[in-house]
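Participant: One structure, pasted below without further comment.
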Amino acid sequence: MKWTKKHLLSIEELTREEIDFIIDNAFSFKDILLRPIKKVPALRGKTVVNLFFEPSTRTLISFSLAEKHLSADSVNVSTKTSSVMKGESLLDTAKNIESMKTDMVVIRHSSPGAAKFLSERINSNVVNAGDGTHEHPTQALLDFMTIKEIYKDLKNLKVLILGDILHSRVARSLIWGFLKYDTKVTLCAPPTLMPLYLNDFDVKIEYDIDKAIQDKDVVYILRMQLERQEKGLFPSLREYVKEFSMTYERYLRIKDKSIIMHPGPINRGVELDGNVADSEKSVILDQVTNGVAVRMAILYLLNGGKNE
Ligand code: CP
């Protein structure tokens, strides 16, 4: 197929063929990552700005590495070091950056829709690196790549998404994507962390973790957003661990061939036991490796898929 989209804003807007196409390209870029010299000239002469208004380790580093491996020139801008601290708006920041003749902007922002807002107002390609509770499309793409690496196809797999679904942009992107593949999705969370909009989606909702973990090919655990705790969404952290954490005892009851996934950062001892994160079924660090390859593929395709 031929790539036609100018921006990468959400999984919702992608077709299944487009997701497959990105992942196929990412597998080729993973071969480059495994070489001693990890460099191709695909983005030579292009400038990329990584505009991160929220903290990040994995996404920012993997975009930065992807840009370097593709020979782009890139700069990182964060809230603390930019004039946003002096009251400058997102649009003014972006227009000033573009006046410096940039080609691509990768943006992480706390407001849902920030990446789309930018894409409608500047000429550069825009990549959504996480916008509030809306979507985190590159995370879902690297997750789909990791699952395909093990199971070849997503169709008919039984997937459990477990944890703080209410606040999770990763969960939204995953659900949009899995449903395009006819994956069988079960969601498990305390009722206060299960958003009402999910009633409109073809997913199973299960509040009993011990039932939810049965027969799943993929157990995808979400970060408990500890910063929300004081809002009283569940009685106590101890209660949450008892009712909804992937303890080692529960881990021993999941299917032999099941895999454990997590987008990071991990709260060990909260949403999952540290021994589960480090277990043989865990592919959490494979997800991180694939993140570089997926981000290389996205930047390459948005640039027109040309080698120079
Ligand atoms: N998964 C993820 O987005 O991690 P970071 O917040 O560290 O980028």
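The values are calculated or read from the model by the stated rules, or taken from the named source; none is laboratory data. Just so it is clear, the structure is predicted and the values come from calculations on it, not from any experiment. A quick note on method: Cβ atoms are made from the backbone with ideal geometry, for glycine too, and the neighbour counts reach across all protein chains shown. Accessible surface is based on the protein model in full, side chains and every heavy atom, while ligands, DNA and RNA are left aside. Shrake-Rupley method; radii C 1.70, N 1.55, O 1.52, S 1.80 Å.
Participant: Which ones in region 263-284 are under 10 Å from M246 (Cα atoms) and touching a residue at least 60 places away in the same chain (Cβ under 8 Å)?
Facilitator: E271
Participant: Given the conditions (1) modelled with pLDDT of 95 or more; (2) surrounded by fewer than 24 Cβ atoms within 10 Å (Cβ to Cβ); (3) more than 14 Å from the ligand (Cβ to nearest atom); (4) not acidic (D, E), report the number of the one that I147 does not fulfil.
Facilitator: For I147, the failing item is (2).
Participant: K5: open to solvent by less than 70 Å² (accessible area, probe 1.4 Å) and basic (K, R), yes or no?
Facilitator: When the stated conditions are applied, K5 passes them.
Participant: Taking region 193-203, which residues are surrounded by 14 or more Cβ atoms within 10 Å (Cβ to Cβ) and not in a loop (DSSP other than H, G, I, E, B)?
Facilitator: Passing the criteria: L193, L198.
Participant: Something else now. Does region 285-303 hold any residues that are out of contact with any helix residue (DSSP H, G or I) (no Cβ under 9 Å at 6 or more places or on another chain) and in contact (Cβ under 8 Å) with a residue 12 or more places away in the chain, and which are they?
Facilitator: L302, N303
Participant: What number of residues within region 57-91 are charged (D, E, K, R) and under 20 Å from S110 (Cβ atoms)?
Facilitator: Of the residues in that region, 4 qualify.
Participant: Looking at (1) touching a Leu at 6+ places or on another chain (Cβ under 9 Å); (2) at pLDDT below 95; (3) open to solvent by 30 Å² or more (accessible area, probe 1.4 Å); (4) among the polar types (S, T, N, Q), which is the one condition that is false for T247?
Facilitator: Unmet for T247, out of (1) touching a Leu at 6+ places or on another chain (Cβ under 9 Å); (2) at pLDDT below 95; (3) open to solvent by 30 Å² or more (accessible area, probe 1.4 Å); (4) among the polar types (S, T, N, Q): (2).
Participant: Right, here's the next one. On the given criteria, is T57 more than 21 Å from V288 (Cβ to Cβ) and either buried (at least 21 other Cβ atoms within 10 Å of the Cβ) or within 16 Å of the ligand (Cβ to nearest atom) (or both)?
Facilitator: no
Participant: Scan region 176-190 for residues that are without any contact (Cβ under 8 Å) to a residue 40 or more places away in the chain and aromatic (F, W, Y) and jot them down.
Facilitator: F178
Participant: Tally time: how many residues in region 176-188 are part of a loop (DSSP other than H, G, I, E, B) and under 19 Å from the mean Cα position of the chain (by Cα)?
Facilitator: 2
Participant: Same structure, new question: Just checking, how many residues over region 70-110 are among the hydrophobic types (A, V, I, L, M, F, W, C), without any contact (Cβ under 8 Å) to a residue 60 or more places away in the chain and buried (at least 16 other Cβ atoms within 10 Å of the Cβ)?
Facilitator: Of the residues in that region, 8 qualify.
Participant: Only residues in region 121-139 that are more than 13 Å from L299 (Cβ to Cβ) count as the first member; pair them with residues that are basic (K, R), Cβ under 6 angstrom, at least 6 apart or cross-chain, and list the lot.
Facilitator: Short answer, once both residue conditions are applied: G130/R108; G130/R169; T133/R169; H134/R169; E135/R169; E135/R172; H136/R169.
Participant: While we're looking at this one, here's another question. Please go through region 267-283 and give me each residue that is in contact with a strand residue (DSSP E or B) (Cβ under 7 Å, 6 or more places away or on another chain) and surrounded by 13 or more Cβ atoms within 10 Å (Cβ to Cβ), ordered by number.
Facilitator: E271, L272, D273, V276, A277, S279, K281, S282, V283
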